[in-house]
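Okay, structure first, notes after.
Quick note: the coordinates plus some simple rules give every number you see, no bench work behind them. Keep in mind that this is a model prediction, so the values were computed, not measured. Positions of Cβ are backbone-derived with ideal geometry, glycine not excepted, and every protein chain shown enters the neighbour counts.
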Amino acid sequence: MSINKKILFTATFLLLAAFAIAATAEETKPNLGDNRLIYKVKYINGNDLAKLLDEYVNKSEGMRVEFIEGLNTIAITAPKETHQILMTLIEKFDKEPTKVELNIYLVLRSPKDSAEFKSIEKEANIDDDFQKKLDTLNSMNSGFRYYGLGKLYLPLSSGKKIYNSIWMIMLKIGTLFKFEIRTNSVTFGDQTIRFEDFTVLLTDNSGKTDLLIKHSFDIDTTSMDKLTLSGTQNIIGMSAPESLEMVFWPRVINK
C-alpha cells in the first residue's frame, strides 16, 4: 500500500497523542475489556490497514489491531478516549482513490510543406477531442503538421496496477497498417503514472513487423503538459522525414 510521507507523519503524531491521552487517563496498565473500535474499511485493503496500524499501537498498554477476514473490517482494542483520534487517522488512509483519465494520442509529425499525408485525416477516426489536441499541437510548432492516427483511453485509479495490456489501432494509408501497443504494467500512485516497457510495434500488409518504441517512463498527473515519445523516421515507407509520436494528456477526475 503506497503511503506518502505527509500521512506517515500525521499517523505518528496522532497515535502519539492517543497514547498520551491513554496514559493520562490511567497511570497503571488499563483493563481495556470491550473497549473495541470496529471499522468497516471502505476503499482499501483492510489487512494492509491493520498491519499499518499495528506498527504504531502501544501493545504494552494492551492495545491491539485485528483484521476480520472476509468482512474487510478491522477491530482495534484501545481506550475509549483514543477512539475519535484513531478514527481521524483511519479516515486519512481509507479514502476514495484518485481517478485519472489518461488519453494517449498516436500522431504522425511531418514537415508542414509536405502533402504526403492528406489522406490520413480521411481514414483515421478523429473525434472532437482528438481534433482539439491536433489543433493545439499544430499551433505550438509552425514548422510541422500533426496528423492523427488513433487514440487510446485509459481510466486509472490510485493504488491499482494493470499488467500486460495490449491495444490495437488499424489504419489504412494506401495500404493497411496495424499499430500494436503493449505495456508490461501501468501503475498510478503518488500522483505519478508509471509505464513499464511501453512498446509500439508496426505491422504492414505483408506481415513485416517493426519495433518503433520501447521505453519505461513516468507521467506527472499534477501537470497538464504533454509527454511526447518519438518513434523512427520513415515508418510507412514514405520519403518525407515523418516521425511517429505518442502524446499523453492526463486529466484528474477526483482527488
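Remark: spin-label model distance ASN205-ASN58 equals 7.8 nm, labels positioned 7 Å along the Cα→Cβ axis.
Once backbone amide H atoms are built at 1.01 Å from N, GLY150 has LEU106 as its partners under 5 Å, excluding neighbours fewer than 5 places away on the same chain.
Provide the gained length on full extension for the span THR73 to ASP127, in nm with one decimal, where the gain is 0.36 nm per separating residue minus the Cα-Cα distance. Could you put the intermediate results ahead of the total?
Numbers: separation 54, 0.36 × 54 = 19.44 nm, distance 4.50 nm.
14.9 nm is the gain from fully extending THR73 to ASP127.
Computed from phi, the 3J(HN,Hα) profile of region 62-71 under the Karplus parametrisation 6.51, -1.76, 1.60 (θ = phi - 60°) reads x, 6, 7, 10, 10, 9, 8, 5, x, 10 Hz, with x in place of Gly and Pro. Counting beta carbons within 10 Å around each of ILE38, ILE193 and listing the fewest first gives the order ILE38, ILE193. In this structure the amide hydrogen of PHE177, modeled in the peptide plane, comes within under 5 Å of the amide hydrogens of LEU171, LYS172, none closer than 5 places in sequence on its chain. Pairs from the table (LYS51/LYS214; LYS95/LYS151; LYS42/LYS99; LYS80/LYS160; LYS59/LYS99; LYS112/LYS133) lying more than 26 angstrom apart at Cα are LYS51/LYS214; LYS95/LYS151; LYS80/LYS160; LYS59/LYS99. Please report how far the C-alpha centroid of region 92-112 lies from that of region 166-234, rounded to the nearest whole angstrom. Each part reduced to its Cα centre gives a spacing of 13 Å.
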